[in-house]
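What follows is a single structure, written as structure tokens, with notes after it.
The values are calculated or read from the model by the stated rules, or taken from the named source; none is laboratory data. Quantities reported herein were computed from a predicted structural model and do not represent experimental measurements. Positions of Cβ are backbone-derived with ideal geometry, glycine not excepted, and every protein chain shown enters the neighbour counts. The area values use the complete protein model at the heavy-atom level, side chains included, leaving out ligands, DNA and RNA. Shrake-Rupley method; radii C 1.70, N 1.55, O 1.52, S 1.80 Å.
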Amino acid sequence: ALRAALRRAAQAGDAREVSAVANVARFVLERVSADGGTAANRPTLVAAEALASEALAHWGDAGGLGDALWSLKAQEHLLIKGHRMEILRLLGRLTEAEAASREDIAHARESRDEKDLAMMLSFRATALMNRGKYAKAEPLVKEAMELYERAAERDKAYRHNYLALKDNYATVLQRQGREDEAEPLFREVLRVHRAQLGKAHLTTISAMNNLALCVKDRAILFLKDRLNSAAQPPPEMEAFSEMIIEARRIFMEATRLLEANHPLDGHTASIAATLAGNLASCAADGDESARCLRKALAISREHFGPGHNATRGYQGKLAQLLLSGGDKAGARAVRKGKDAEAAAGGSAAARECAWCHKKDADSAKFKVCSRCRISAYCSAKCQRQHWKAAHKHECVEWGSGDGVGKLTGARSA
């Protein structure tokens with residue numbers, strides 16, 4: 001319907017109407033990209049990409065409509081570009097997304113519009129972060145953050161963008177093992193969000209999660225460094241324990257605020273599952289860790305389905321924990337989606353291909369990744385395509401216990 005409305009307005013030469021329809025389309029595209037690359041969402045992603053392409057084509061219309069649209073200074077043009085890049089990424093069309101991103105940045109530099117450049121740099125950096133290319137993303141995030149900082153000094157409306165980029169910059173540092181540099185940035189972002197939005201706001205809760213995750217990672221890095229440099233248990237164990245206790249306290253407080261103030265829906269369910277999964281890594285013992293992971297898995301199964309990447313991730317972590325505790329049967333049941341919770345929820349009915357999302361009740365027809373033993377594929381071709389597009393950046397070796405649980409605050413970066 002939106003594409004038809006765009007065509008009617010374009011044929012009538014009504015630039016304002018095209019801009020108005022495109023603004024509605026932007027909100028639709030934002031919602032579609034936020035829903036992720038699930039099997040149910042894939043046909044919508046294809047339709048949304050066509051909608052975005054058609055909307056953007058009008059800004060380049062050589063017949064005069066494009067000039068009229070540009071004269072309106074329509075901000076939705078840039079936001080639609082960003083959402084289209086995210087949709088292309090979810091569809092696995094990474095080469096196309098990166099080419100469009102580089103072109104947009106070059107155009108923004110030529111136009112010398114700092115706000116446009118900051119937005120394009122942010123979109124490009126986010127795409128690189130999603131692919132695990134943190135070193136390449138770092139200079140882009142830093143430049144965008146500095147541009148938004150200058151914009152926020154002139155107009156307070158850009159404060160939110162600046163904080164979002166500051167959080168992303170801290171994440172880039174953290175993922176490169178530079179937790180000591182990242183932690184003060186996470187603390188500053190959380191302080192400002194608490195003061196401006198309140199402690200129960202979803203953006204504040206997400207900032208609490210990100211800080212706690214950084215503190216936990218710093219504690220683990222701290223301990224590894226000390227153990228590698230000493231034959232005996234080091235006296236710094238007390239400092240390690242204090243960091244783990246602080247991270248655990250922040251995760252628990254964020255969980256309490258979320259459950260007390262927000263009903264579970266698509267967005268809050270993702271935050272709740274992430275908090276539970278992250279709390280498992282700071283749990284007092286194996287039983288508490290297992291309870292947290294079962295909670296995360298149950299939330300993800302209910303709200304996102306058994307084939308979602310997050311569900312498979314929690315499934316793998318819980319199976320690894322059970323296996324390390326000697327419960328081979330329990331680990332095998334969880335990994336195959338045949339544990340008691342899955343049976344009660346009816347969510348283990350069919351295996352789903354991680355790439356093309358084909359489903360089949362006969363799980364024997366699917367093969368799993370030999371490294372992580374979580375992602376399943378209906379064919380070798382699908383496995384190769386998924387590995388090249390995304391899985392090589394997220395695959396975790398079975399038994400390693402590695403994993404990430406980063407949250408973005410608002411849907412801005």
For Met252, tell me the accessible area in Å² from a 1.4 Å probe, rounded to the nearest 10. 90 Å²
Enter the mean projected area of the convex hull around the alpha-carbon atoms of segment 1-59, in nm², rounded to one decimal. 3.7 nm²
With the cut-off at 1.5 for a/c, could you classify segment 126-230 from its C-alpha gyration tensor as rounded, prolate or oblate? oblate
Lysines whose Cα lies under 29 Å from that of Lys388, excluding same-chain neighbours fewer than 8 positions away: Lys81, Lys133, Lys136, Lys142, Lys317, Lys336, Lys358, Lys359, Lys365, Lys367, Lys406
Leaving out ligands, DNA and RNA, and with a 1.4 Å probe, what % of the accessible surface on segment 1-59 is carbon or sulfur? 54 percent
Per residue, how many Å² of accessible area does segment 257-328 show with a 1.4 Å probe? 42 Å²
So with the 1.4 Å probe, I'd like the accessible area per residue for segment 1-59, rounded to whole Å². 48 Å²
Per the C-alpha gyration tensor (a ≥ b ≥ c, the square roots of its eigenvalues), segment 257-310 is rounded if a/c is under 1.5, else prolate if a/b beats b/c, else oblate; here it's oblate
Env charge @ Leu88, Cβ radius under 12 Å, K,R +1 / D,E -1, value 0
